[in-house]
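Report on the structure given below.
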Amino acid sequence: MQEPQLTLIDERSEAGRPDGRGPLWIALTLLATAALATIFGADIARQTVDTREQAEKIGRLSLTEGSRSPATQAALREFRETLVERPLDSRRRAQYGALLLDLGRDATDARAAAFHARQAVALAPVTVPTLRIAARTLVRTGDRDTSVTLVRRMFQFDAPAAARLLLEIEPWLYAGELDDALPDDPEAWLAWYGRLRREGRSKSSLPVMAQLRRRWPDFLAARVAEALQVNRAGDDLTLRRLLPADERLPETRAAAPLHALRGRIEATLGDPIAARRDLQSADRLDGDSLFVLRIRGDGLLALDDRDGARDAWLGALFGHPDALPNRRVEILKRLAQLEEREGRSGVALRHWRSIRSLDPEDRESATALKRLTGASE
């Protein structure tokens, strides 16, 4: 596919000038263009107009009619023309490069795609959508170093977005290159750990957490994340080692989950005095937290304080009506099981039905409904 003549800067200048001033000349040209645009009221040139919608249309056409079909090529020309009108629209330029790569068939198309990706980054070096599209384009054209550099830069101002981007380009990276994308910042490592966990890659997340805790042992957020991970795994012995009874935990809101978890462990292991102390500390530090309420209820139930456990779980249920369905199911199951043990079958039945409405595929609620009513619902 022949690269259309559409650039703010001649592509040949990027490869280097005889006097070695290529990168500086590009930067100065971009700055001068932006300044002139502002002076003459051309701010409209910076605006993105239906960029994603147009790109998706071209993608659909290429799938149904082929990348070389007249309809696809006409849509690509239309996209290019809007970029001519808005040369400072970094996202549109980045998307144009991505389209050239997707629709291209040879190395020339790949070089043109990489060129536009780099120019988009030069226009908007700290704009997440632009960096995301450009990094994905560059890594696919073989420029892994630049793509990794962009991800590393993004971690400095939007760690969650950078973690998502790193996951997207990971298939094109070697192990060492992936590590290079993570700056020496615990927030970046924690964001990467969290992204792996959300993607269901628990095994991959473990070494990330291990290195995070080794390098930044005093980073409280990482310690909380590790404790939550161990708690989800149901490993009480490891959790006990992470939260020793004689340690003075931080008296901060961020540390409330640690107090709650240690209280729950102490209640389970038979130390009611220490358990109540830590559960009360968790309540004092962040008593309205959904997690603290849930774990406090677990600890109180282990202390055979059924009324206290019920109150904590009801507080979690009604205090967080917008909680994710799976979180509400966790609370409702605790309440339903408690009410059944207390002989309050009618209340338990309402909870099980609520679970069924939130998750029709939940087997435990289906079994409970059959047990309580004699028929499945």
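Please treat every number below as a calculation from the coordinates, not as lab data. Computed from a prediction, not measured in an experiment: that's the story for all the values here. Cβ placement follows ideal geometry from the backbone for every residue including glycine, while neighbour counts extend to all protein chains displayed.
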Discussion item. Under a crude label model (7 Å from the Cα following the beta-carbon direction), how far is Val347 from Glu168 in nanometres?
Written reply: 4.9 nm
Item to complete: Scan the range 129-184 for chymotrypsin sites (Phe, Trp or Tyr not before Pro) in coil per DSSP, keeping those whose Cβ has at most 16 other Cβ atoms within 10 Å, and list them by number.
Response: Phe157, Tyr174
Worksheet entry | Computed FRET value (nearest 0.05) for Asp288 with Thr64, which takes r as the C-beta separation and R₀ as 51 Å | 0.45
Response to the item:
Output row, site Thr252, 7 Å Cα→C-beta label point, backbone N cut-off 15 Å, window the range 201-225, residues 216-225
Worksheet item: Taking the mean number of other Cβ atoms within 10 Å as a proxy for protection, how do you rank 111-121, 274-284, 338-348 from highest to lowest?
Response: 111-121, 274-284, 338-348
Fill in: Tensor-based shape of the range 324-377 (alpha-carbon gyration tensor, a/c under 1.5 rounded, otherwise prolate or oblate)
oblate
Practice prompt. Arrange Glu85, Glu177 by Cβ neighbour counts within 10 Å, fewest through most, would you?
Written response: Glu85, Glu177
Worksheet item: For the range 223-377, what's the relative contact order in percent, using C-alpha pairs closer than 8 Å and at least 6 residues apart?
Response: 13 percent
Worksheet item: Once label points are set 7 Å from the Cα along Cα→Cβ at both Arg306 and Glu177, what is their separation, rounded to one decimal in nm?
Response: 6.1 nm
Discussion item. If neighbour count is taken as other Cβ atoms inside 10 Å, put Lys203, Lys370 in order from fewest to most.
Written reply: Lys203, Lys370
Worksheet item: Using the per-residue mean of other Cβ atoms lying within 10 Å as a proxy for protection, in what order, highest first, do the peptides 122-128, 256-262 fall?
Response: 256-262, 122-128
